[in-house]
Amino acid sequence: MADHIQLIGIKKLYAGEHVETAALHEIHRTFRRDEFTAIIGSSGSGKSTLLSLVGTLDQPSSGRVLYGDLDTSKLNANQLADFRFERIGLVFQHFHLLPALTAIENVMSPFFGRRRRALDHRAKAKRLLDRLGLAGKYHSLPSQLSGGEQQRVAIARALVNDPDWLLADEPTGNLDSRNAELFYELLQELKRELGCGIILVTHDLQLARKADRIIEIKDGLIVGDSSQVTDESLC
Ligand code: ADP
Ligand code: MG
């Protein structure tokens, strides 16, 4: 199990019609699984780009992403899909639930097309939905659930394979501040219970302040990291 994710000189350029956009400049950073890390920054600063590279959903233009000793740049597309399935849970702002599937089917959906006994993952999906306060909603469609409930289904889906890391991109963006706080507390509890590393992208500074570590990104560069020794702390 990888206790660290290491970013080694990752850059991301997006090709435009006439010019290339440098969404991320050379980033070197290590994330620890025992930390709850928040990534903050204004819109367009590169947060989603960074998270999608960490989550191996996209490849850097240069540089490497290592999970422990495993260099993900050495994996082909199929190996990467298996790797994500086994190690990473992803939660997005707009949930990305499948509208025609019920809550429990959505939670089980990562297993569709994969060999593993159906009973195992149905029981696991039920346990997670129960844990997240959705025991009576197994058979509800996403359209029959509130925003907060849909969000919890999305978390259950992200956790159904016991990932080492949970990566979440502005998951509280559609929740009011009270629900955002409850959601955050839930993530902290899940982290304690399941031992997964959490990297949370948020523009909500109030929430980010509760994390073990805050990384600030601006114009594709890391401009702040609470776990780094700063000039002020040396004074
Ligand atoms: P954030 O999540 O912090 O709002 P993003 O990572 O989405 O920022 O975007 C960072 C920069 O990269 C922005 O300038 C954005 O316009 C650009 N960008 C993001 N995705 C693409 C893409 N698929 N094609 C071209 N440019 C993109
Ligand atoms: Mg974003």
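Just so it is clear, none of the values below were taken in a lab; they were calculated from the coordinates. Remember, predicted model here, so these are calculated numbers, not experimental data. Heads up, the Cβs are rebuilt from the backbone with ideal geometry, glycines too, and the neighbour counts pull from every protein chain shown.
The table that follows gives values for the structure above.
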{"item": "Label-point gap, in nm, between A2 and L98 - each point 7 angstrom along Cα→Cβ", "result": "2.6 nm"}
{"item": "Rg in Å to one decimal, and Dmax rounded to a whole Å, for segment 1-53 via C-alpha atoms", "result": "13.1, 43"}
{"item": "Charged-residue dipole, Cβ positions (Lys, Arg, Asp, Glu), segment 78-124 about Cα centre, Debye nearest 20", "result": "180 debye"}
{"item": "L70/R32 FRET efficiency (R0 22 Å; Cβ-Cβ; nearest 0.05)", "result": "0.85"}
{"item": "Over segment 41-155, relative contact order from alpha-carbon pairs under 8 Å, at least 6 apart, %", "result": "25 percent"}
{"item": "Mean separation of Cα contacts under 8 Å (6+ apart) over length of the chain, as relative contact order %", "result": "29 percent"}
{"item": "Ellipsoid semi-axes in whole angstrom, largest first, where each is sqrt(5λ) of the Cα gyration tensor of segment 18-84", "result": "21, 18, 11"}
{"item": "Cα gyration tensor category, rounded, prolate or oblate, for segment 136-187 with a/c compared to 1.5", "result": "oblate"}
{"item": "Hull-based mean projected area of the chain, where the convex hull spans the alpha carbons, in square nanometres", "result": "14.3 nm²"}
{"item": "Length-normalised contact order of segment 105-235 in % [C-alpha pairs under 8 Å, at least 6 apart]", "result": "19 percent"}
{"item": "Translational D in µm²/s for segment 1-122 (Stokes-Einstein at 37 °C, 0.692 mPa s, Kirkwood Rh from C-alpha pairs)", "result": "199 µm²/s"}
{"item": "Extension gain from E17 to Q59, taking 0.36 nm per residue of separation minus the Cα-Cα distance", "result": "13.1 nm"}
{"item": "Cβ-derived FRET efficiency at R0 30 Å, K218 paired with R178, nearest 0.05", "result": "0.55"}
{"item": "Ranked by how many other beta carbons lie within 10 Å on average, peptides 154-160, 185-191 from highest", "result": "154-160, 185-191"}
{"item": "Angle between the chain longest axis and helix 77-87 axis [Cα atoms, degrees, rounded to 10]", "result": "70 degrees"}
{"item": "Square roots of five times the Cα gyration tensor eigenvalues for segment 82-181, Å", "result": "21, 16, 11"}
{"item": "Span from the segment 7-84 Cα centroid across to the segment 149-193 one, whole angstrom", "result": "21 Å"}
{"item": "Dimensions (Å) - segment 101-146, Cα atoms, principal axes, largest first", "result": "32, 20, 12"}
{"item": "Cα-based Rg / Dmax (Å) for segment 101-235", "result": "17.3, 59"}
{"item": "Taking H18, H121 and counting other C-beta atoms within 10 Å, the order from fewest to most", "result": "H18, H121"}
